[in-house]
Amino acid sequence: MTSPGRLEKVNRFKGNSGAECEDFIQNIRGIAWKEGKLQDGLWMANFASLHFSGKALKWHSALPLDVRQDWFKQEMALLERWPPPADESDNEGAE
């Protein structure tokens, strides 16, 4: 774990693309894991809230409070708003 107040840097999430969204989610998860907070949805939501900017900040600020305070709900909302890029492996076996 890093010392208190010295968390790793996370790039600001600006809401430019699904790929940027995926990277942001993975970064938040990675830091939460290192801090022993991976199951702490409030901690993760609060930490993530420090890293929104531009149109993503405007979007985040308009979310209902229960979503802003729960990373697991917030993660679903992020992926709904900024879907990941299509992946060919997602379509395997679909005909």
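Just so you know, all these numbers are worked out from the coordinates, no wet-lab data involved. Predicted model only: the values in this text are computed from it and were never measured. We place every Cβ from the backbone using ideal geometry, glycine too, and count neighbours over all the protein chains shown.
For ALA77, the shell of other residues with beta-carbons less than 13 Å away shows a net charge of -1, using +1 for Lys and Arg and -1 for Asp and Glu. Applying 0.36 nm per residue to the separation of ASN46 and SER17 and subtracting their alpha-carbon distance, the gain on full extension is 8.2 nm.
Rounded to the nearest Hz, the phi-derived 3J(HN,Hα) couplings of region 45-59 under the Karplus curve 6.51 cos²θ - 1.76 cosθ + 1.60 (θ = phi - 60°) are 5, 5, 4, 4, 4, 6, 10, 8, 8, x, 5, 5, 5, 4, 4, where x marks glycine and proline. For the pair VAL10 and SER53 in one chain, pulling the backbone fully straight at 0.36 nm per residue adds 14.3 nm over the alpha carbon distance.
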